[in-house]
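Colleague: There's a structure below that I have some questions on.
The values are calculated or read from the model by the stated rules, or taken from the named source; none is laboratory data. Since we're looking at a predicted model, the values are computed, not measured. Because the Cβ atoms are built from the backbone with ideal geometry, glycine has one as well, and the counts that use them run over all protein chains shown.
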Amino acid sequence: MNILEMKNLTKCFGGLTAVGNVDFGVPKGIISGLIGPNGAGKTTIFNLITGVYKVTDGKILFKDNDITNKEPYLISGQGITRTFQNIRLFKKLTVYENVLIACHSNGNYNLLESVLRLPRCRKQEKQLKQKADDLLEIMGLKDRKDLIANNLPYGLQRRLEIARALALNPELLLLDEPAAGMNPDETAQLMTLISDIRPKFDLSVLIIDHHMDLVMGICEKIMVLNFGCKLAEGTPQDIQNNPKVIEAYLGVEG
Amino acid sequence: MDLYYIQGILMLAGINLMSVLGLSLLTGFTGMFSFGHAGFMAIGGYTSAMMTVNYGWPFIPALLMGALTAALMSALIGKLTLNLKGDYFCIATLGFGEAIRLVLDNVQYFGGARGWPGIPNYTNFTNVLIINIIAIIILANIIRSRHGRNMIAVREEELASQIVGINVFKYKLISLMISAAYAGVAGGLMAHYMTFLQPKMFSLVKSTELTIIVIFGGLGSISGSVLGALVLTSLPEILRSFSNWRLVIYGLSVIIIMISRPEGLMGGYELTPSSMKKLFTRMRSKKGDLPKGMEGGNTL
């Protein structure tokens, strides 16, 4: 069962085809990986899925609903959320506020109710704050909740971005180079974290990363992208032994 | 310096504060600069004056009518311009403010450029005070809610806000409409305080004055806006004995504050009972430095 289905997905920037005719399914309930050399179009695919870029051609189906070219906030409302390669936190706000903002979709009181501070608003505010607290607890950020996000160490900023994504109760989590700039120790911690939260929040995960030990270690299905086209798809073993992949990464044996 | 004079200045400050509060939501909390808020004040002022003078409405409904008209007008402008980024939106509002003034200059129904005398004097110290207190409570309640937090998120990082499911356009529009409604009420108060309206009162200078007060008081702080409106409205009056030099001193004091405290008087801080308590305990424990985590931490 695939939770996300890309059909013939194409994105052109002027004359450059950044992503061309990619077909790929993200299976439900496992961790999948998306790898490829620099400039292969991995992040572009994320931007297409989340609606940041408009699709030139093709279709994206999420749980069999067409989400092609929808506004980003609608797509995230359906249950897809992501992190960014260059971290995009609300830098000047505290850790707690970052998560609390993302919790907003768990409440539905309207503007008038908040102006008058009616009971429904107060009750839901309490629930939102409780949820933010719980998430920080799970992600091990509780003791730093009043720090400004920008002052967090790099690894924890990544962690906070994941916490913020989880606040939306997503079904599909897209992680764009979560281990970028991390040392092996931090990468190992991140691997445990991702494998822990996947069953806990009942997620399907799609990861872009260059750390092969991370991707090969936790992904059950991998797609390789090169120059915007799909090169290979399969289990980590298949990918490691695929001559085309080896060629793309290391060149032809001379 | 009799009581009547001081009351008059405070009322002016209160009227300014009303539109500054609205602008504070737009600029300080949603991150959009507007140089056309005098236009919304003008719409509110002329509408409410029309209601009281020509249709004999009581004061408060007339004020609300002015607010509503300003908000509807802002919705129209917002639909067209809110997709513009940063500076472009700012210039669009500037054009809008000037357009409103020039239209009013030429509408003879409202007295045109000569102005409109004979508006009843309904504004008094008590109703300015009450309206301002209500306005502050409403604003504080919005900012403490999820809607206010979403606006702050839009100010901080638009793309990330969209990804966490915030309809950026909608929250910009709500923020603009509320701030225009506040400006509309301020215009109505001003019309019934001056008992006279003239398009010249709502020129670009007025819009810039409002923006200066918001920045001077501190972006993202309601108490900063209150303080800014009180200080910057009364300053020219206090300096009246310096005659022509007073505006120079006014300008200088704004520059000095901006150099020494770029975030404004209260930037990011809020004067609430709990923050006063924190300040007090810190003073007692004699720790000079602010703890790092507190910066901007009281905006929610």
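Colleague: Restrict the check to segment B:48-58 and report whether at least one residue is modelled with pLDDT under 95, within 20 Å of the chain's Cα centre (by Cα) and crowded, with 16+ Cβ neighbours inside 10 Å.
Modeller: Within segment B:48-58 (the criterion being modelled with pLDDT under 95, within 20 Å of the chain's Cα centre (by Cα) and crowded, with 16+ Cβ neighbours inside 10 Å), the answer is no, since none of the residues qualifies.
Colleague: Restricting to segment A:99-118, name every residue that is surrounded by 24 or more Cβ atoms within 10 Å (Cβ to Cβ) and either closer than 18 Å to A:Pro178 by Cα or more than 9 Å from every other protein chain (Cβ to nearest Cβ) (or both).
Modeller: A:Val99
Colleague: Considering (1) more than 24 Å from A:Asn226 (Cβ to Cβ); (2) outside any strand (DSSP E or B), say which one A:Pro37 fails and leave the rest.
Modeller: Going through (1) more than 24 Å from A:Asn226 (Cβ to Cβ); (2) outside any strand (DSSP E or B) one by one, A:Pro37 breaks only (1).
Colleague: Of all residues in segment A:60-87, count the ones that are more than 9 Å from chain B (Cβ to nearest Cβ) and assigned to a strand (DSSP E or B).
Modeller: The qualifying residues number 6.
Colleague: Where in segment A:186-234 are there strands (runs of 3 or more DSSP E), lying wholly inside it, with at least 2 residues that are free of Cβ contacts under 8 Å to residues at least 60 places away in the same chain?
Modeller: Those strands (runs of 3 or more DSSP E) span A:229-234.
Colleague: Applying the selection to segment A:144-164, what residues are away from every other protein chain (no Cβ under 11 Å) and either under 13 Å from A:Ile101 (Cα atoms) or under 13 Å from the mean Cα position of the chain (by Cα) (or both)?
Modeller: Scanning segment A:144-164 gives A:Arg158, A:Arg159, A:Leu160, A:Ile162, A:Ala163.
Colleague: I'd like to know if segment B:184-198 contains one or more residues that are assigned by TED's automatic domain parsing to the domain that holds B:Asn124, farther than 28 Å from B:Gly111 by Cα and assigned to a helix (DSSP H, G or I).
Modeller: no
Colleague: In addition: For segment B:80-91, does any single residue satisfy the condition of being in a helix (DSSP H, G or I), within 30 Å of A:Phe90 (Cβ to Cβ) and aliphatic (A, V, I, L, M)?
Modeller: yes
Colleague: Still on this model: Step by step: first the residues of segment B:133-185, then only those that are of a type in the set (Lys, Arg) and without any contact (Cβ under 8 Å) to a residue 24 or more places away in the chain, then the one that is nearest to the other protein chains (Cβ to nearest Cβ). Which residue is that?
Modeller: Only one residue tops the list, namely B:Arg146.
Colleague: In addition: What is the number of the single condition among (1) under 22 Å from A:Thr235 (Cβ atoms); (2) more than 16 Å from the chain's Cα centre (by Cα) that A:Ile208 does not meet?
Modeller: All conditions pass for A:Ile208, except number (2).
Colleague: Would a scan of segment A:176-184 turn up a residue that is under 30 Å from A:Gly29 (Cβ atoms), outside any loop (DSSP other than H, G, I, E, B) and at pLDDT below 90?
Modeller: Yes - at least one qualifying residue is present in segment A:176-184.
Colleague: Here's another thing I want to ask about it. Filter segment A:40-51 down to residues that are within 14 Å of chain B (Cβ to nearest Cβ) and part of a loop (DSSP other than H, G, I, E, B) and give me whichever is nearest to A:Leu203 (Cα to Cα).
Modeller: Among those residues, the one meeting the criterion is A:Thr50.
Colleague: In addition: Restricting attention to segment A:88-98, and to residues there that are more than 17 Å from B:Arg144 (Cβ to Cβ) and surrounded by 18 or more Cβ atoms within 10 Å (Cβ to Cβ), which single residue is farthest from the other protein chains (Cβ to nearest Cβ)?
Modeller: A:Val95
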